[in-house]
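Working notes, structure below.
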Amino acid sequence: SPKKRVTVMLNTVHTQCCLSSLLHQPEQYCYPSIFIYGHRATGKSHVILTLLKELELPHAAVSCVECVSAGLLFEQTLLALFGADSAALLPRLPSLSDFVRVYRQVCAQQPAKQTRYIVLERAELLRDMEANLLPGLLRLQELVDDNVAVILLSEIVWDKFRPNTGCFEPLLLHFPDYTKGKILSLDSNPSYTPELYSSYINILLGVFYSVCRDLRELRHLAALNFSKFCEPLEKGEAKEGNTHKLWRNIEPHLKRAMQTVYLREVSSVQWGQQQMDEKEATALRGLSALAHVELPYYSKFLLIAAYLASYNPARTDRRFFVKHHGKMKKTSFLKKHEKTSNHLLGPKPFPLDRLLAIFYSVVDSRVAPTASVFSQISSLVTLQLLTQVGHDDQLDTPKYKCAVSLDFILAISRCVCVCETKYLFLTFGLWLLT
Amino acid sequence: MNESSGCFVFKPSSKKRKRTVGIDEYFVDGNDDCGNGRERFNICQKLWEKIKMDTEILQDELNEKILESLLDFIKKCTLSFQSRTDDWASRMRASEIPTAALVLGVNVPDHDMTFQSLSDLLKNSVTPFSVSVQAKECTALKNLMQRVLERLMGVGVSVEEDEEDSGIHLPQKRVSCSISVLCQWYKTVTKVGRRTLKLSHCKNGFLQSPPIVVIFKDFEAFNPRVLQDFILICNRYIHELPLIFVFGIATSPSTVQHILPHSVSSLLCIELFQSLSCTQHLATVIDKLILTSQFPFKLTGKVLQVLVSIFLYHDFSVRNFVKGLQLALLEHFHSQPLSVLCCKKQEARHNAQKLSHKDVEMVRQLPSFMRYVETQEPQEQVQLLTSDDHVKEVCQMLLKGLRKYHKNYYPILRCLHSLTASLPKYPLGKQIRELHISCLEKNVWETNEYESAMQLLRLLAKDELVAALRKCADILKPGKTKKMKSALQQLEDYIIRFEQLDETLSGEEITSPGKDLQKKTDLFQLQKTLLEMKGSRRTKKMSPFEILRNETLDFIDGLVRSHLTPPELQPLNEVCYYSSSGVLRRHLNATPRTSIQTALSHPFYFLQNENLKTDAGTVSSAAPDICIVYKLHLECGRLINLYDWLEAYATVVSAAEGKDPDAEDYGKVDELKHARFIQSVSELEFLGFVKSTKQKTDHVARLTWGGC
């Protein structure tokens, strides 16, 4: 029965009461807008949509991610509530008032017998659209003078939505996270006893619950690894009651899953194949295993120079890169606040000429300032190894930041520097302030 | 009347106005003194076509493996879409979009060809629905959706046009660019396809519901927000639309995790595909295009060095390398009138016969030909210098010699490389191109590197040496010239002798001098014997293996000395070899800043005005204003006082006007000079040499280092 399924998904008695009181008298006017929030995969849209479907209430479910413009949102809403003809009445690039006008027009022909519901998923994206959209939708009932309720679903609390100008306060409903016990009781496997399955989920939660509460993801992992869990049973090596043996079998496997398939280092298909092949020793190459990037010779030096410029204070350049620099007193060399690790502070922006100055002093040979050296900088930006600070179209003294890690730079400088002292020099420059 | 006639725009017929200049005209115009421009152009064009085709074939061969595995992946995913069952596991599992992460390396310009062949392959064998998108056309989610829909549904419409009107329309309004529109479209298309295209489907080998493949060409350049939203949307429709993504990644696969948060990347089922590295790619291209006697056109060492260093130092792009080769080809045929002889055997003979008197004179002036003449008998010399017909005859003979030289050069080069490539520290270079360049530039056997390589070779153990020699024999096998055949014969003889050595050696006993050593206990005696042994080791009788090894290596040394001579010594090498590396470098690796500075400090080079010619470091006062201003600004420090600058400028310009230095208004600033000065300063600012500063009033800041 639908009601039972929904109550299984629901977490607290409170939300259940609220929802049923809201939805169970469709002939009467509903509260104009309801705001439901809760973390990812806490059953928000599932519960609402199942309820609306099962109770056969007229509704429109729209995901705001899909609506690249407000027009699309209006169109889909009208399409779902009144059919294709009504959506065609909207002008090009409709505004909220156009929507209200069209709504009133078609609503006059088909007056509401039951409350119409408009469900907006990922409602946080409404904030980035036109400023009048969110307040308008919140009091849509008033605007169109129809028995309509707007249900907003979001992962963000209402406080972050409230516009500066104020608005109609919706009814707030919270879907809390599933507790461990709740998750245990949610699913079952048809071919095995519920006790066995819940003991499996218990083991799974032991490994994953600390990092992941996303029900969808947990289910995914459960499905991926269940066959491995059942393996001793199928082979007849263990009985259902022998939980310890089953645990010993699956636990290391799940730990490996956390490092690989959970992080999407290895795809779920590959993970499944690996299980079938039973070759556990041959570890699959993960995505981050191939971190090595081959770069042209000067690009490597440009990147090293960018790193040095990003993490060393500009004052110290003279000391590092000029051969006959004047003496700097040791005490004044580093200011007090600079003694905190620069790597904790993150990369700092630097202008193009500083980058080039360091580049020319770091690279061994004389390099002509050719166009290709400059174009390499911009290709490093498109490869996201450098990031440009400020506008893209700023031609005058552009500023950059280095976006790669210390390990990356160390690997590059190791393969670029033929002579050892040069490498030492570079790494010294890098390490001195770490 | 006037008003009404003004409303009609008179369009001149464009045909009359346009003077179409054929490309071959440029070859004639460029060197007006000789009549073979058109022929040279034709030869050049033919050669280029051949090179282009060869590179394309090469590219396809190199990509074959990765593309095939990618296709397999896509087919596998399509099958899993169709066989999707409603069992427990698939209901529990999150629906993921199959994604191929295609790691292609940082040589972004080369990727186009790979993607082109990928989408061709897809269209031919898997699905008609594949789109590729680039980051620059998808700055917002709206644009991305629009591109995907347009390209997909546009293709669909054009495919179905032959059949009856299937009622598919492109979205009229931009607004309705949503995936649900695509869903409906896909359903209609596949339904129609199933009904009407049943036969053709089987023919094409398309699966029943072909997947929709979206290729993101440059993954890194995409706005992360746009990508995330797109993936989120697509994931909502994965049950209705069999979507497959291909990410073209230039750096490393971990960028996927940098760009997409876990909540989004968990919607993807990513599999990794890695292409060949670009250095390997270049090595194959050089192997097939440069190290072959197939093409008559050659590059000298310096030119090849320029092309290779642009590749290694700057872009890693094979496509740009081939483009550079094309430029060299064009330059060669354009600038060298005698390149008319740089073609295939028959054609070259024909063209040699047709050489005009002027051409023959040009041949006589070639340095390599002059050297050749000097080595001839006096009577022959007179003949060569007086009779045109004789020169033509000799030319044919020399061209034949040049072809033979190439036919021998490349196999021997490969042999030498295969022998030395496995030596420790690679004395002659790891890549064959390094060896090739050093052979092109000088007598390779005179270098220290060659000597040390030979010494190392003389230390090789038997099985290593024999294996290397076998490889050499394999290289020499396809050789058709007499010399190569005899070299192969000799080499095989040596290999046989090495093998026979085994049988004879096993009977012999090696007497080591160490045995006597144990008997002597006297210190003096011991010392004496040790000294003797040391002496004897130098002149020690070599084992038969060592003798044979030395003999073999002497033979190889002889081959190198006779065939790997630099091409400069070959007569008529100028016909085939393109040597102006400077031109190539200037075109391919431009230095805009340097040329601006040259233009400003030496206006003579660009304006070709004799009056502007001056000694180094000075500028004529008659030079353009901006040059004078530039010259003056070089003498200043970081901050330049505008008024001082103006006065200095006025003085210089007054001198140019030829005014009397003692006159009262000499060097005085009038309005005209003031305006000219301001204009030149703003031009300098535009070029990026100075900029206004707020540090000091009436000052500008210099932006370049260094003075006069």
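Each reported figure results from applying straightforward, stated rules to the coordinates on display, with no laboratory input. The model shown is predicted, which means the values in this text are computed figures rather than measured ones. Reconstructed Cβ throughout: ideal geometry from the backbone, glycine too, with neighbour counts over all protein chains shown.
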Worksheet entry | Value of Rg/Rh across the range B:573-628 [Cα atoms, Kirkwood radius] | 1.16
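Please report, in cubic angstrom per residue, the volume enclosed by the convex hull of the alpha-carbon atoms of the range B:277-378. Before the final figure, lay out the partial values.
On the way: hull volume 13.1 nm³, N = 102.
Taking the convex hull of the Cα positions in the range B:277-378, it is 128 Å³ per residue.
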Discussion item. I need the calculated FRET efficiency for the pair A:GLN114 and A:ARG139, taking r as the beta carbon distance and R₀ as 22 Å, to the nearest 0.05.
Written reply: 0.65
Worksheet entry | 5 angstrom amide H check on B:SER132, placed H, neighbours 5+ away | B:ILE215
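Past the 30 Å Cα-Cα mark, which pairs from A:LYS300/B:LYS50; A:LYS160/B:LYS217; B:LYS75/B:LYS187; B:LYS123/B:LYS323?
Numbers: A:LYS300/B:LYS50 36 Å; A:LYS160/B:LYS217 37 Å; B:LYS75/B:LYS187 20 Å; B:LYS123/B:LYS323 28 Å.
Exceeds cut-off: A:LYS300/B:LYS50; A:LYS160/B:LYS217.
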Item to complete: Output ³J(HN,Hα) for the range A:158-174: one whole-Hz value per residue in order, computed from phi by the Karplus curve 6.51 cos²θ - 1.76 cosθ + 1.60 with θ = phi - 60°, and x for Gly and Pro.
Response: 5, 4, 7, 9, 3, x, 4, 7, x, 6, 5, 7, x, 6, 9, 9, 10
Discussion item. Restricting to Cα atoms and excluding each atom paired with itself, what does the Kirkwood estimate give for the range A:340-395 in Å?
Written reply: 13.1 Å
Worksheet entry | Hz values of 3J(HN,Hα) by residue in the range B:680-689 - Karplus curve (6.51, -1.76, 1.60), Gly and Pro given as x | 5, 5, 5, 5, 4, 5, 5, 7, x, 8
Discussion item. Distance between the C-alpha centers of the range A:93-140 and the range B:399-424? Whole Å please.
Written reply: 79 Å
Worksheet entry | In sequence order, calculated HN-Hα J values of the range A:193-204 (Karplus, 6.51, -1.76, 1.60; Hz; x Gly/Pro) | 6, x, 5, 4, 5, 6, 5, 4, 4, 4, 5, 4
Worksheet item: A:VAL389's amide H: which non-local residues (gap 5+, or another chain) put their own amide H closer than 5 Å, with H modeled 1.01 Å from N in plane and none for Pro or chain starts?
Response: A:LYS399, A:TYR400, A:LYS401
Response to the item:
Taking the dipole of the range A:61-114 about the Cα centre (Lys, Arg +1; Asp, Glu -1; charges at Cβ), the one of A:GLY71, A:GLN105, A:ALA87 that reaches farthest to the positive side is A:GLN105
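Stretch A:SER361-A:GLU155 to full length: gain in nm at 0.36 nm per residue minus the Cα-Cα span?
69.0 nm
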Response to the item:
Rounded to 0.05, the calculated FRET efficiency for the beta carbons of A:SER378 and B:LYS694 at R₀ = 30 Å is 0.55
Discussion item. With the crude spin-label approximation of a point 7 Å out along Cα→Cβ, what separation in nm comes out for B:GLU150 versus B:LEU530?
Written reply: 8.8 nm
Worksheet item: Gap in Å between the Cα centre of the range A:44-68 and the Cα centre of the range B:467-498?
Response: 79 Å
Worksheet item: Roughly how many debye, to the nearest 20, is the charge dipole of the range B:542-679 about its Cα centre, given +1 on each Lys and Arg Cβ, -1 on each Asp and Glu Cβ, and no other charges?
Response: 500 debye
Worksheet, complete the sentence: For B:LEU272, the residues 5 or more places away or on another chain with a placed amide H closer than 5 Å to its own amide H are B:ALA101
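Using 1/(1 + (r/R0)^6) with R0 = 41 angstrom and r between the beta carbons of B:GLN455 and B:LYS76, what's the FRET efficiency to the nearest 0.05?
Working: r = 55 Å, r/R0 = 1.34.
Between B:GLN455 and B:LYS76 the formula returns 0.15.
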Worksheet item: Where Rh denotes the Kirkwood radius from the mean inverse Cα pair distance, what is Rg over Rh for the range B:52-115?
Response: 1.17
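If you put +1 on each Lys and Arg Cβ and -1 on each Asp and Glu Cβ, how big is the dipole of the range A:15-89 around its Cα centre, in Debye rounded to 20? List each step's numbers first, then the result.
Working: 3 positive and 6 negative charges, 69 e Å.
Rounded to the nearest 20 debye, it is 340 debye.
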Worksheet item: Considering the zone a paramagnetic label at A:TRP247 would reach in this model (a point 7 Å from Cα along the Cα-to-Cβ line), which residues of the range A:205-226 have amide N under 12 Å from it?
Response: A:206-207
Discussion item. Using alpha carbons only, how many angstrom separate the centre of the range B:41-120 from the centre of the range A:214-276?
Written reply: 33 Å
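Taking the Cα centre of the range A:31-182 as origin, sum charge times position over the Cβ atoms of Lys and Arg (+1) and Asp and Glu (-1), and report the length of that vector in debye to the nearest 20.
Numbers: 15 positive and 17 negative charges, 53 e Å.
My answer is approximately 260 debye.
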Item to complete: Could you pull out which residues in the range A:192-207 have an amide N less than 16 Å from a spot 7 Å beyond the Cα of A:GLU234, following the Cα-Cβ vector?
Response: A:192-193
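For B:HIS357 and B:GLN208 in one chain, what is 0.36 nm times their gap in residues minus the Cα-Cα distance, to one decimal in nm? Walk me through the numbers before you get to the answer.
On the way: separation 149, 0.36 × 149 = 53.64 nm, distance 7.11 nm.
Roughly 46.5 nm would be gained on extension.
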Item to complete: In nm, give the distance between the simple-model label positions of B:LEU672 and A:VAL389, each being 7 Å from the Cα along the Cα-to-Cβ direction.
Response: 4.9 nm
Practice prompt. Run the quick spin-label model on B:ALA656 and A:HIS39: label points 7 Å from Cα toward the beta carbon, then report their separation in nm to one decimal.
Written response: 7.6 nm
Practice prompt. Starting from the eigenvalues of the Cα gyration tensor, five times each then square-rooted, give me the equivalent ellipsoid semi-axes of the range A:158-317, largest first, whole Å.
Written response: 41, 32, 12
Worksheet, complete the sentence: Per the rule of 0.36 nm per residue minus the C-alpha distance, extending B:LYS471 to B:LYS483 adds in nm 2.5 nm
Worksheet item: Taking the alpha carbon gyration tensor of the range B:325-471, what are the square roots of 5 times its eigenvalues, largest first, to the nearest whole Å?
Response: 39, 18, 14
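Which number do you get for Rg(Cα) / (2.2 N^0.38 Å) in the range A:179-259? Before the final figure, lay out the partial values.
Details: Rg = 11.9 Å, N = 81, 2.2 N^0.38 = 11.7 Å.
Taking the Cα Rg and dividing by 2.2 N^0.38 Å, one obtains 1.02.
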